[in-house]
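One structure is given here, and the rest of the page talks about it.
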Amino acid sequence: MISSLNGILSFISSDSITLDVHGVGFEVFVDKKMLSEHQVGDSLRLLIQLIIRQDSLTLYGFSTADERHLFNQLMGVDGIGPRLALAILSNLSLDNIRTAVLAEKPEYFIRVPGVGKKTAQKIVIHLQGKFPDTGDYEALVPSSTDDEVIESLVTLGFSLVEAQTAVQSIPKDFSEDVEERLRYALQFFS
C-alpha cells in the first residue's frame, strides 16, 4: 500500500498533479488549495490514500494526516465517493467542517457543489462524536448576517474557504450591517 510520496511536481491539471518520484510519474488527485499553492518544480511530500476500484487504482494526496483521516471519514458516508469527499475538503476548511458538525449545521455542506440537503444531513450525523468538543466552536458559527456576506462573496467568485476566512477577519464589534461587513471582507482580499 502506498502511504506517502516524496517527489518533484512535474505537471498540474485542473484536479490533479503529477509527482515525479525518481523518474516515475504518479498522478495524484489533490484539493484546490494545494493546486493553487504549488508550482511545477516544487518539491512535495504528500500523504497518500490509495483507492482501489474494479477498473482503476487512484491516488489522493493530502498535506496533513488530519485531512487524510477526514477524507476517509467522509467516504464512510452513504453516497459520498472519493471525488465528492475531496470536493468537500477543497471547499471547506477542517475548522469549518468541525464547526458544522459540532453545531449541527448541515447548510455548510450544501454550499459544496454536488452535496444536497440529504447528503449534508448524512454527513453531520455520520461525523457526530468524531471531533473532540472543546466548546469553542460556537464562536466560529457565523451569524445570519455573516451568512449573507459569505453568499455574496461566493457569488462574486471567491471560494467558500476564502469567503469564510474573510468573514472571520471582521472584528467582533464591527457593524452588523451586511453592506459594511461585505466592504470590510472585500478589503481582506486587497
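Results, tabulated for the structure shown:
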item: Gly79 vs. criteria within 29 Å of Gly157 (Cβ to Cβ) and touching a residue at least 40 places away in the same chain (Cβ under 8 Å); result: yes
item: Failed condition for Tyr108, given (1) outside any loop (DSSP other than H, G, I, E, B); (2) within 20 Å of Ser36 (Cβ to Cβ); (3) not basic (Lys, Arg); result: (2)
item: Subset of the range 21-65 [within 16 Å of Asn91 (Cβ to Cβ) and assigned to a strand (DSSP E or B)]; result: Phe29, Tyr60, Phe62
item: Matching option when the condition is under 16 Å from Val161 (Cα atoms) and without any contact (Cβ under 8 Å) to a residue 24 or more places away in the chain, among Phe109, Phe71; result: Phe109
item: Enumeration of residues in the range 54-65 that are within 20 Å of Ile17 (Cβ to Cβ) and either in contact with a strand residue (DSSP E or B) (Cβ under 6 Å, 6 or more places away or on another chain) or surrounded by fewer than 16 Cβ atoms within 10 Å (Cβ to Cβ) (or both); result: Ser56, Leu57, Thr58, Leu59, Tyr60, Gly61, Phe62, Thr64, Ala65
item: Top-ranked residue of the range 141-161 - restricted to ones that are modelled with pLDDT of 80 or more and buried (at least 20 other Cβ atoms within 10 Å of the Cβ), ranked as farthest from Ser90 (Cα to Cα); result: Val149
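The values are calculated or read from the model by the stated rules, or taken from the named source; none is laboratory data. Predicted, not measured: the structure shown is a model, and the values here were computed from it. So basically every Cβ, Gly included, is an ideal-geometry build from the backbone, and we count neighbours across all protein chains shown.
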